[in-house]
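Undergrad: Take this structure, written in structure tokens, and hold onto it; I'll ask about it next.
The values are calculated or read from the model by the stated rules, or taken from the named source; none is laboratory data. Here the structure is a predicted model, which is why all the values come from computation and not from measurement. Glycine gets a Cβ as well: all are built from the backbone with ideal geometry, and neighbour counts include every protein chain shown.
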Amino acid sequence: MPGMTLAAPMPDQPPFAPLSPFATGLACRCPRCGKGALFRGFLSLKPRCEVCGLDYGFIDAGDGPAVFVILLAGFVVVGAALAVEVLYQPPYWVHAILWVPLILLATLAPLRSVKGLLIALQYHHKAAEGRLDRSGSA
């Protein structure tokens, strides 16, 4: 509309609007700006965001992504293998042909997205390594 001006941003507002950690994490994007790539390889992280400059040195996903993926994939694959064995009783070579590709697909496909999600949640909740209070006060 003519005559309307846009208000200037408040000086105390953060430079980035809070983003959904689920959207940025699963898309493997920077948890702060949502635009920069998080990974340089399949699972190796970039040192910082090329868009907003966020230093990724705080990130410590550890083995969390692998544990979640293995537990979920194990539940699906073992359940399916048991159902096929009980219903059809195929020879072992059929099991190998069915389940080896499924295991690879079910573990490798979601691993990068789950790692991105855990990193984004770590950033969103400002998670850090625990520290002991040595002063003796509760």
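Undergrad: If we keep just the residues of the range 17-53 that are closer than 18 Å to HIS125 by Cβ and out of contact with any Leu (no Cβ under 9 Å at 6 or more places or on another chain), which is modelled with the lowest pLDDT?
TA: Selected residue: ALA17.
Undergrad: Could I ask something else about it? Just the residues that are touching a Lys or Arg at 6+ places or on another chain (Cβ under 8 Å) and part of a loop (DSSP other than H, G, I, E, B), please, taken from the range 18-29.
TA: LEU19, CYS28 - these are the residues of the range 18-29 that are touching a Lys or Arg at 6+ places or on another chain (Cβ under 8 Å) and part of a loop (DSSP other than H, G, I, E, B).
Undergrad: Another question, then. For THR5, all conditions in the list (1) at pLDDT 95 or above; (2) part of a loop (DSSP other than H, G, I, E, B) hold save one; what is the number of the exception?
TA: Result: THR5 passes all but (1).
Conditions tested, residue by residue: (1) in contact with a Lys or Arg (Cβ under 7 Å, 6 or more places away or on another chain); (2) small (Gly, Ala, Ser); (3) at pLDDT 95 or above.
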residue	(1), (2), (3)
GLY74	no, yes, yes
ALA106	no, yes, yes
ARG134	no, no, no
ALA138	no, yes, no
